[in-house]
Amino acid sequence: MDIIEAILTRRSIRKFTGEPVSRQDLETVLRAGCHAPSAHNFQPWEFIIIKDRDKFEKIAKIHPYAKMLPQADVCIIVCGDSKRQPKLGYLIEDCSASIQNILLAAHGIGLGAVWCGLYPEEERVNAIKEMCLLPEHIIPVGMVVMGHKGEDKKTEDRFKTEKLHYERW
């Protein structure tokens, strides 16, 4: 799949078959996450890979938009290291770019995935920090729930010329 096709056809998938994701496919999407752009090339991202079903259940209880997690095969929590990137805005942008790369890579190799936000929701951030024993300087930004697709979604054209502003508003 070429990159433009991947961007234009990627959709959030919230239904999964439960079939295991291969180690090679998992590594492929994580490599894509590591190749995201970052401010000053600080690359502040860190990844927590969760496959434990008990943790899936716990996360689904604390995150109102992660109810599909128990049907997936993997949850990638993308965190930012505030020692590597002390400017919070850049840290969030960098980790978000990493998440987008992961989503596109998953789609490109035929997997389904959905981005579930963590930061800036304090309750979610603190619950993940506690569950995953994160050091103080590690901030959970978002998580990607991923697995083999249990649904297909139609694509839609989201391009709207009225959102384009040249030179000024």
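The values are calculated or read from the model by the stated rules, or taken from the named source; none is laboratory data. Predicted, not measured: the structure shown is a model, and the values here were computed from it. Please note: Cβ atoms are built from the backbone with ideal geometry, for glycine as well, and neighbour counts cover all protein chains shown.
May I ask you to verify whether residue 96 is touching an Asp or Glu at 6+ places or on another chain (Cβ under 6 Å), touching a residue at least 12 places away in the same chain (Cβ under 8 Å) and on the phi < 0 side of the Ramachandran plot?
Here the answer is no, as residue 96 does not meet what is asked.
Give the residues of the stretch 42-79 that are assigned to a loop (DSSP other than H, G, I, E, B), loosely packed, with under 15 Cβ neighbours inside 10 Å and touching a helix residue (DSSP H, G or I) at 6+ places or on another chain (Cβ under 7 Å), sorted by residue number.
Within the stretch 42-79, just 67 meets the criteria.
Residues in the stretch 1-27 that are surrounded by fewer than 18 Cβ atoms within 10 Å (Cβ to Cβ) and outside any loop (DSSP other than H, G, I, E, B): how many?
Summing the residues that are surrounded by fewer than 18 Cβ atoms within 10 Å (Cβ to Cβ) and outside any loop (DSSP other than H, G, I, E, B) in the stretch 1-27 gives 10.
Report whether or not residue 125 is closer than 28 Å to residue 84 by Cβ and not in a strand (DSSP E or B).
yes
List the residue pairs whose Cβ atoms are under 7 Å apart, where the first residue sits in the stretch 39-64 and is in contact (Cβ under 8 Å) with a residue 24 or more places away in the chain and among the small types (Gly, Ala, Ser), the second is assigned to a helix (DSSP H, G or I) and surrounded by 13 or more Cβ atoms within 10 Å (Cβ to Cβ), and the two are 6 or more positions apart or on different chains.
39/90; 39/93; 39/94
Only residues that are over 14 Å from residue 144 (Cβ atoms) and either in contact with a Pro (Cβ under 9 Å, 6 or more places away or on another chain) or among the β-branched types (Val, Ile, Thr) (or both): list them for the stretch 1-17, please.
3, 4, 7, 9, 17, listed by residue number.
Do we have residue 91 as in contact with a Ser or Thr (Cβ under 8 Å, 6 or more places away or on another chain), outside any loop (DSSP other than H, G, I, E, B) and surrounded by fewer than 18 Cβ atoms within 10 Å (Cβ to Cβ) here?
So residue 91 does not fit the description; no.
From 88, 118, grab the single residue that is at pLDDT 95 or above, farther than 19 Å from residue 145 by Cβ and hydrophobic (A, V, I, L, M, F, W, C).
88
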